[in-house]
Amino acid sequence: MSYLSGFADIGLHDRPHVGGKGGSLGELRRAGIAVPSGFVLRTAAFERFLATVEAEWPVRERIASLGAEDLSAMTECCAAVRSRLEESPLPREIEEQIGLAHAQLCGSERMAVAVRSSATTEDAIDASFAGLQDTYLWVRDLSQTLRRIRSCWASLYSLESVSYRRKRNLPEHGVAMAVVIQAMVDARTAGVMFTRSPTTGDRSVVTIEAAWGLGSAVVGGEVTPDRWVLGKITGDIAVREISDKAMRHVPAREGGIEAVPVAEASRRAPSLSDEELQTLRGLARKVERHYGCPQDIEWAIDRVSGEVLLLQSRPETVWSSKESPPVARAAGNPLAHVMSIFGGRR
């Protein structure tokens with residue numbers, strides 16, 4: 001059984017098996033948009049791994065029995081589950097398949113990868129798990145990659161994630177985790193863009209936020225990014241806000257990332273040229289057309305090649321949920337509903 005899929009072989013329809021991030025990356029590639037190369041460890045691998053753990057120590061049953069308001073019991077249970085998953089060995093056939101795919105991706109070079117959680121229930125319009133599971137950047141070798149995969153699976157049982165599911169009464173047996181293993185981009189500049197205004201909901205504009213270095217500093221809120229608002233059709237720049245970007249995230253020598261100071265000459269310099277802004281605007285339009293709804297997109301510009309790569313695209317949820325029509329509740333007594341209408345016309 002193959003537990004892996006390349007991005008070229010998957011799309012959004014595979015989300016039950018490759019999760020939100022995995023499905024999105026495959027879909028972007030199908031749409032002819034450049035994404036970093038990589039592969040997805042499918043949910044079947046998670047199910048196989050979890051089955052070996054549950055043969056001796058039930059996981060899902062423990063989580064399903066937790067009360068939504070019992071924070072103390074939930075905290076204790078989540079810590080125990082995460083520890084168990086992170087310490088349990090991978091089934092041999094899964095480890096072998098990952099090793100082969102990792103060698104093919106990285107080649108003879110010591111290429112760093114990102115190991116990213118891709119839950120089956122994340123990035124959906126009606127229930128977003130974005131940010132509740134772990135991502136590890138600049139993972140240097142296979143042994144670290146295998147360890148981070150287990151950590152991603154274990155993060156499905158973080159206190160925040162379990163609390164989210166219990167409060168919404170989501171069934172545990174419907175929750176699974178895929179993992180994206182993807183070549184890292186040594187980014188000169190990175191950030192996010194929205195195909196509608198995140199502040200006003202205006203769908204006629206693209207909002208772009210950017211800073212020097214890896215995009216983790218922007219996504220994590222550790223730096224105030226530069227911000228532009230462009231007309232989606234015309235490309236006119238209506239807002240141009242250049243911030244003081246005192247730090248940036250860069251690869252750490254031993255793996256992971258670290259924050260370093262930005263040179264004085266670059267702190268207040270725009271992190272994107274006008275030409276790059278227009279390239280990003282064009283990509284934003286293309287992605288939105290492909291998906292048919294407003295998108296929240298992460299991107300990076302390679303430090304050496306200058307290539308623009310998309311790292312993720314997911315549906316914008318804040319304004320879309322506000323625009324969703326309310327679902328009317330069925331009246332217990334239909335006659336009472338009719339009478340209330342005519343009673344209001346006196």
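For a quick check, take a GNM of the chain with Cα springs below 10 Å and name the residue from S151, S24, S163 with the largest mean-square fluctuation.
Result: S163 has the largest fluctuation of those listed.
Quote the relative contact order of the stretch 1-147 in percent (integer), defining contacts as alpha-carbon pairs under 8 Å separated by 6+ residues.
Numbers: 155 pairs, mean separation 37.3, N = 147.
Over the stretch 1-147, the number comes to 25 percent.
At most 10 other Cβ atoms within 10 Å and a DSSP loop assignment: could you name the trypsin sites (Lys or Arg not before Pro) in the stretch 243-296 that fit? If you can, show how the numbers build up before the last one.
On the way: sites: K245, R248, R253, R267, R268, R281, R285, K286, R289; in loops: K245, R253, R268.
Loop-located and lightly packed - R253.
Nearest 20 debye, what's the magnitude of the dipole of the stretch 4-183 about its Cα centre given +1 on Lys and Arg Cβ and -1 on Asp and Glu Cβ? Present the calculation step by step, with values, prior to reporting the outcome.
Numbers: 21 positive and 23 negative charges, 61 e Å.
The calculated dipole for the stretch 4-183 is roughly 300 debye.
Compute a Gaussian network model of the chain, connecting alpha carbons closer than 10 Å, and tell me which residue from E56, E76, E209 fluctuates the most.
E56
Which whole-Hz ³J(HN,Hα) couplings does the stretch 204-218 yield from phi under the Karplus relation 6.51 cos²θ - 1.76 cosθ + 1.60, θ = phi - 60°, glycine and proline marked x?
8, 10, 10, 9, 10, 10, 8, 8, 5, x, 5, x, 4, 5, 6
Once you have a ≥ b ≥ c as the square roots of the Cα gyration tensor eigenvalues for the chain, tell me rounded if a/c is under 1.5, and otherwise prolate or oblate according to whether a/b is larger than b/c.
Working: a/c = 1.81, a/b = 1.04, b/c = 1.74.
The shape class here is oblate.
Can you work out the PRE-style zone for S83? Point 7 Å along Cα to Cβ, and I want the residues of the stretch 140-159 with backbone N under 19 Å.
Residues passing the 19 Å test: 150-159.
Once the dipole of the stretch 187-323 is set up with Lys and Arg at +1 and Asp and Glu at -1 on Cβ about the Cα centre, which of H290, I242, V206 lies farthest towards its positive end?
Highest projection toward the positive end goes to H290.
By counting other Cβ atoms within 10 Å of each Cβ, how are T279, T200 ranked from fewest to most?
Numbers: T279 15, T200 11.
So the residues, fewest neighbours to most, are T200, T279.
Need the full-extension length gain, R303 to L142, defined as separation in residues times 0.36 nm minus the C-alpha distance. One decimal, nm.
Details: separation 161, 0.36 × 161 = 57.96 nm, distance 2.45 nm.
Net length gain for the segment: 55.5 nm.
Given Cβ point charges of +1 (Lys, Arg) and -1 (Asp, Glu) and nothing else, what value in debye, to the nearest 20, does the dipole of the chain about its Cα centre take? If you can, show how the numbers build up before the last one.
Working: 42 positive and 44 negative charges, 189 e Å.
Dipole magnitude for the chain comes out near 900 debye.
Between H290 and E93, what length in nm is gained on full extension when 0.36 nm per residue of separation is reduced by their alpha carbon distance?
Values: separation 197, 0.36 × 197 = 70.92 nm, distance 3.66 nm.
Here the segment from H290 to E93 would lengthen by 67.3 nm.
For the stretch 187-323, what is the convex hull (Cα atoms) projected area averaged across all directions, in square nanometres?
Values: hull surface 33.9 nm².
Value for the stretch 187-323: 8.5 nm².
Karplus couplings for the stretch 8-17 from phi (6.51 cos²θ - 1.76 cosθ + 1.60, θ = phi - 60°), rounded to Hz, Gly and Pro as x?
Result, ordered by residue: 5, 9, 10, x, 4, 5, 8, 3, x, 10 Hz.
List residues of the stretch 283-320, by number, whose backbone nitrogen lies under 17 Å from a label position 7 Å along Cα→C-beta of T200.
319-320
Karplus couplings for the stretch 52-62 from phi (6.51 cos²θ - 1.76 cosθ + 1.60, θ = phi - 60°), rounded to Hz, Gly and Pro as x?
5, 6, 6, 4, 10, 8, x, 9, 4, 4, 5
Bear in mind that the values in this text are calculations on the coordinates, not laboratory data. Keep in mind that this is a model prediction, so the values were computed, not measured. Cβ: placed from backbone, ideal geometry, glycine included. Neighbour counts: every protein chain shown.
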